[in-house]
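The values are calculated or read from the model by the stated rules, or taken from the named source; none is laboratory data. Since the model is a prediction, treat every value here as computed from it, not as a measurement. When we count neighbours, we look across all protein chains shown, and the Cβ atoms used for this are built from the backbone with ideal geometry, even at glycine. These accessible areas exclude ligands, DNA and RNA; they are computed on the full protein's heavy atoms, side chains included. Shrake-Rupley method; radii C 1.70, N 1.55, O 1.52, S 1.80 Å.
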Amino acid sequence: MERRRFMKSGLGALATLALGETILLAPGDVSAGVPDPLNYAVDAEGKAGKVRPDYRNAQSVKSVCLNCSTVCGIEGFVQDGKVVKIRGNPLDPNVGSFMTCAKGQSGPTINTYPERLLYPLKRVGKRGEGLWKRISWDEAYADMAARIRKSIDAGHPERVAIHQGRSRYESETARFLNAIGSPVLLNHRALCSSNKRAANYVSLGETDWESIDAERCRYFLNFGANFYEAHQGGLHLVKRVVKARFDHGAKLVTFDVRMSNTAGRSDEWFRPMPGSEGAIALAMAHVILRENLHDRAFVEDFVQPGEAQLRTWLGGYTPAWAQQVSGVPAADIERIAIEFASARPAVAAFTNRGTGAHYNGFNAERAVVMLNALVGAVGKPGGYCYGLDEKLSPARYPAPQPEPPKVTIRTDLEDPPEWPLANRWQKMKVGQVVYDYLKQGRAQLDVYLSYTLAAPMTWPEGRATAVEVLRDEKLIPFHACSDIIYSEMAHYADLILPDATYLERWGMDIRNNLELQHYVMLRQPMVAPPGEAVSFPDVLFNIGRRLGPAQARYFAFGTHEDYVRTQCSKLPTRGADGREFADGFAYMKHYGVHVDTSKPKAYEVYRQPLGAEQLAGSRVDEASGRVLKADKPGAKERAIGIVLRGQAVRGFATPSRRFEILAPEVAQVAAAVGMRDSGLPDFSHVPGLDKLPGDRFVLTSFKWNVHTQGRTASQKYLAEIVHDNPMWIHPRAAARIGVKSGDMVELTTYRPRSGSAGDRAFKAADAGREQAVGRARIRVVVTEGIHPKVLAVSNSLGWKVGGRATQGRNGERDAVLGASGQAATVKGLGAAPRIDDLRNGVWWDARNGGRGNGVNINAILPVNPAPLVGMQAWFDTVCSVRKV
């Protein structure tokens, strides 16, 4: 019945969809009707065109960008209800200027995207069929609350899950789940940075991301980090690296399988065999100790194990051995190791996904971080620094009271036992196995709330396993999706919740400060969201108040704005310029940023003496020199410091209070799950890559500096810059298969092979045969800027739904008129203008001879979590290629 009588079709019809009316939204539909484009006006003669905003009359609003993970402080200019300009907030210590990147400049286009979701929609056809009915928020809240209440009453609150992409709502989502009693908050950390974070936690015990003191650094040793394009804090790091290099003569050496923009701007670039970065770092460590270029005093005081054991362990990791593994000349490995150590302590060896996103990435990351300890660069000016603050800690940024108690139960879905280090220091959920676990029956769900996730686009095997499970109403009985545009995730939901953009909502945010002082930023709305869009925290709070008295009391504080106001209650009320404010919330609304300058920069924090209050009730373990203390009578003692030459100092926040090159905890945990690990960052080959057949390649992926996985393809300004993703191939490989730039090939990917005993790859191929994961037709570009055995394809492209910019298709607006025959209006956006730069401005439309919107490469990459930590081994995919 619904199919026969649906009243509207196409995303454009959302603009005038009345309550209770039905609409068909299907993949391939690119029509539009939501009022568009910034800065269009009609002159006296009725001609439409762009107008230049008058910033003198614009309102300034401070906030925080969220077009990538760097989260820069920003200042927006609002005119006639629209954000017309974005620039950096110079009070943000990381930004320190009005500078923003292309993604930051593109922010306002999200608000006015012509095909935004505007109203709650309820599925009325089969799941994935695209038939929806507009409903009220009251109906949506009542439906979700009733389903969650049913799970709670049945004694299974853990069957309610939130699965989020990049939210920046840790406190808010944790409050909701604690209130209902569910531990199942699933994230994307294992698809992003978990090996890197885990390596830092094992080594330093302290932080999830280093804060390189880049401006004062004199030698950068970069393993797989592409901070000129895609790196947490990349823009901030680039600015300081450029200053160090061109003002102070610092050197940048990069190891990367392809010539990224960072590699291309380096003093030296080497292209190692994929997965061999750890071998190079170990060989450099061998040279540093052999040549006695290490910081003997630092190693003696603060490094575990001692120098003698390190020399023995590193004895076989020679440059000649590393050359065999990596292909990088031994002479270069030796020379660079000596240069690096000779420049100490103002040096930094660091990594990113190019090193960590391998099956052996955890120990490879540890091996690189170790180089900083050997030369005494940890925490030194110009060195490998880190912060100490607890991010948005409740003590400093209190949440409204009362707070629900923390959930103590666990499930395999959010804490899979196969990867015991995933959640040991931080919640780094192994999110890529979620759909497989549901399919296998290892977990059950009643209610699945997804937020800015786009799993069919961004997950490995997203259009296979993820879509299969999202379609299955037995595996996911109810799915509510909060998003800004109609995504592939929303297409498989039962309820669509229109979300507010980051320029339309509240929140507190913190990143590691490269100026090494604690700071916090306020995200505040620059404009109201259009239609009936509501930010996800307010959705959760409104549901919570409908669950019953036991849960509602935790949400009695009001809106998300009220929540954030409470978090600001301990912040100062007087600005550095002498202005006084009513409270910390008003202070933050004005400045957007608060930097705590009451403490010195966080150099050598491990040498900080322990005070009398800290030492009260403690004792010293004579064998190890650790200072031990129980938090309360009868509790287990924990190490709070270490005694060096008669003085109790803080040390590192590891079990030994030393920088742990040897981590017994890792060895113990590995043994408990039947794996062999010495606790040292030994090198092991990526299974299948050490004996790669001549006709097989290793596939790697990467991000351009204008895209962020599932977040940016709908922004035409960014899609114009990068909308196609041809496959990079080396000339020798291209000659072998007979292709030149512009030719089409078929790319086939295969499942990984297992490693050693007890270290079996997830969904591994059977011994002796290859198992294909998927195939894609793709255009090639032949370049010397890549390893001969590597193929490279950028991600973030190849969408099937999401509107014209996302799909790379021109399209006329729907002719949607009101009852009077006048152009329809949408609350918060005004009347539809006469000009639309998506109608004919998507010049890359393949139907008109353009290059199209690219290939979703993640769809054919296998789910492949690395051992212990579970990070997705994105860059280990064996593949074949043939001309078509």
Strands (runs of 3 or more DSSP E) completely within region 487-531 that count 3 or more residues being in contact with a strand residue (DSSP E or B) (Cβ under 7 Å, 6 or more places away or on another chain) and either of a type in the set (Ser, Thr, Tyr) or over 24 Å from Gly462 (Cα atoms) (or both): 507-509, 519-523
Residue within region 323-340 that is under 25 Å from Leu204 (Cα atoms) and of a type outside the set (A, V, I, L, M) present: yes
Members of region 65-96 found to be open to solvent by less than 10 Å² (accessible area, probe 1.4 Å), of a type in the set (A, V, I, L, M) and closer than 18 Å to Ala500 by Cα, listed by number: Leu66, Val71, Ile74, Val83, Ile86
Residues (basic (Lys, Arg) and buried (at least 23 other Cβ atoms within 10 Å of the Cβ)) located in region 218-239: none
Options Leu797, Leu718, Leu791, Leu747: the member that is under 24 Å from Asp845 (Cβ atoms), touching a Cys at 6+ places or on another chain (Cβ under 7 Å) and open to solvent by less than 40 Å² (accessible area, probe 1.4 Å): Leu747
Condition met for Ser211 (outside any helix (DSSP H, G or I), modelled with pLDDT under 95 and not aromatic (Phe, Trp, Tyr)): yes
Matching option when the condition is among the charged types (D, E, K, R), outside any helix (DSSP H, G or I) and free of Cβ contacts under 8 Å to residues at least 24 places away in the same chain, among Lys629, Lys740: Lys629
Subset of region 373-426 that is of a type in the set (Lys, Arg) and more than 22 Å from Phe762 (Cα to Cα) - its residue that is surrounded by the most Cβ atoms within 10 Å (Cβ to Cβ): Lys380
Hits in region 361-396 (condition: touching a strand residue (DSSP E or B) at 6+ places or on another chain (Cβ under 7 Å) and modelled with pLDDT under 95): Leu392
Qualifying position, being open to solvent by less than 10 Å² (accessible area, probe 1.4 Å), in contact with a strand residue (DSSP E or B) (Cβ under 9 Å, 6 or more places away or on another chain) and not polar (S, T, N, Q), among Arg159, Arg116, Arg147: Arg116
Top-ranked residue in region 285-315 [being at pLDDT 95 or above and among the small types (Gly, Ala, Ser); ranked as farthest from Ala250 (Cα to Cα)]: Ala308
Among the candidates Gly774, Gly802, residue that is open to solvent by less than 40 Å² (accessible area, probe 1.4 Å) and either among the polar types (S, T, N, Q) or not in a loop (DSSP other than H, G, I, E, B) (or both): Gly774
Complete set of residues in region 178-188 that are crowded, with 24+ Cβ neighbours inside 10 Å and within 23 Å of the chain's Cα centre (by Cα): Val184, His188
All positions within region 322-361 that are open to solvent by 10 Å² or more (accessible area, probe 1.4 Å), in a helix (DSSP H, G or I) and in contact with a helix residue (DSSP H, G or I) (Cβ under 6 Å, 6 or more places away or on another chain): Gln323, Val325, Ala330, Glu334
Residue satisfying condition, being touching a residue at least 12 places away in the same chain (Cβ under 8 Å), in contact with an Asp or Glu (Cβ under 7 Å, 6 or more places away or on another chain) and of a type outside the set (Val, Ile, Thr), within set Leu121, Leu91, Leu131: Leu131
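Okay, residues lined up against (1) at pLDDT below 95; (2) touching a Cys at 6+ places or on another chain (Cβ under 9 Å); (3) closer than 19 Å to Thr452 by Cα; (4) surrounded by fewer than 20 Cβ atoms within 10 Å (Cβ to Cβ):
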{"position": "Ala493", "(1), (2), (3), (4)": "no, yes, yes, no"}
{"position": "Pro529", "(1), (2), (3), (4)": "yes, no, yes, no"}
{"position": "Tyr554", "(1), (2), (3), (4)": "no, no, no, no"}
{"position": "Tyr563", "(1), (2), (3), (4)": "no, no, no, no"}
{"position": "Pro572", "(1), (2), (3), (4)": "no, no, no, yes"}
{"position": "His590", "(1), (2), (3), (4)": "no, no, no, yes"}
{"position": "Asp596", "(1), (2), (3), (4)": "yes, no, no, yes"}
Single match in Val242, Val253 (criterion: open to solvent by 10 Å² or more (accessible area, probe 1.4 Å), farther than 30 Å from Gln444 by Cβ and β-branched (Val, Ile, Thr)): Val242
Residues within region 624-643 that are hydrophobic (A, V, I, L, M, F, W, C), modelled with pLDDT of 90 or more and farther than 20 Å from Val605 by Cα, tallied: 1
Selection within region 532-551 - aromatic (Phe, Trp, Tyr) and out of contact with any strand residue (DSSP E or B) (no Cβ under 6 Å at 6 or more places or on another chain): Phe541
Meets criteria (on the phi < 0 side of the Ramachandran plot, basic (Lys, Arg) and open to solvent by 90 Å² or more (accessible area, probe 1.4 Å)) for Arg626: no
Matching residues, region 291-321, being β-branched (Val, Ile, Thr), open to solvent by 10 Å² or more (accessible area, probe 1.4 Å) and either outside any helix (DSSP H, G or I) or within 17 Å of Arg366 (Cα to Cα) (or both): Thr318
Close pairs from region 776-805: first at positive phi, partner assigned to a loop (DSSP other than H, G, I, E, B), Cβ under 6 Å, at least 6 apart: Ser796/His707; Gly798/Gly854; Gly798/Val855; Gly798/Asn856; Gly802/Ser487; Gly802/Ser714; Gly803/Glu115; Gly803/Ser714
Residue within region 454-473 that is in a loop (DSSP other than H, G, I, E, B) and of a type in the set (Gly, Ala, Ser) present: yes
Test: residue in region 435-448 that is open to solvent by less than 40 Å² (accessible area, probe 1.4 Å), touching a Cys at 6+ places or on another chain (Cβ under 6 Å) and either assigned to a loop (DSSP other than H, G, I, E, B) or among the aliphatic types (A, V, I, L, M) (or both): no
Selection count where residues are touching a residue at least 24 places away in the same chain (Cβ under 8 Å) and either crowded, with 23+ Cβ neighbours inside 10 Å or not hydrophobic (A, V, I, L, M, F, W, C) (or both), scope region 654-679: 14
